[in-house]
Amino acid sequence: MALPWWQTVEIFAYAMVSCLLLNDAVKVAMIKWRVPDALTKKPVDVTPQIAKRAYELYEQHGRQDGRAAEDWEQAEREIRKEEPKK
């Protein structure tokens, strides 16, 4: 004897809810549990901070032309030294 249409719909709905929603929730939980925090965190772009510090150094040196690369390198060393260690 065939199932009535409403029981077929109930079984289909149950399968969709249990398989799709429950399995997705379990999958997401497992991924979050297995993936280390270091891989999920995005690196911070320090370029604006370096540029600001390089300009400060440029002004401290009396706005001398031809020192842009040196000022940038010094600013980058200073900013990267302040970064928290991983």
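Each reported figure results from applying straightforward, stated rules to the coordinates on display, with no laboratory input. Computed from a prediction, not measured in an experiment: that's the story for all the values here. We place every Cβ from the backbone using ideal geometry, glycine too, and count neighbours over all the protein chains shown.
Here are a few things to note about the model shown:
- Rg to Rh, two decimals, where the range 43-86 supplies the alpha carbon set and Rh follows Kirkwood: 1.03
- With respect to the chain, whose longest principal axis is taken over its alpha-carbon atoms, helix 5-16 is tilted by about 30°.
- Positive-end ranking of THR47, ALA29, GLN7 along the dipole of the chain, with charges on Cβ about the Cα centre, is headed by GLN7.
- In the chain, the ratio of gyration radius to Kirkwood radius, Rg to Rh, stands at 1.57 when only Cα atoms are counted.
- Helix 47-60 axis versus longest C-alpha principal axis of the chain: approximately 10°, rounded to the nearest ten.
- 0 to 90° range, to nearest 10: angle between helix 23-34 axis and the chain longest Cα axis: 30 degrees
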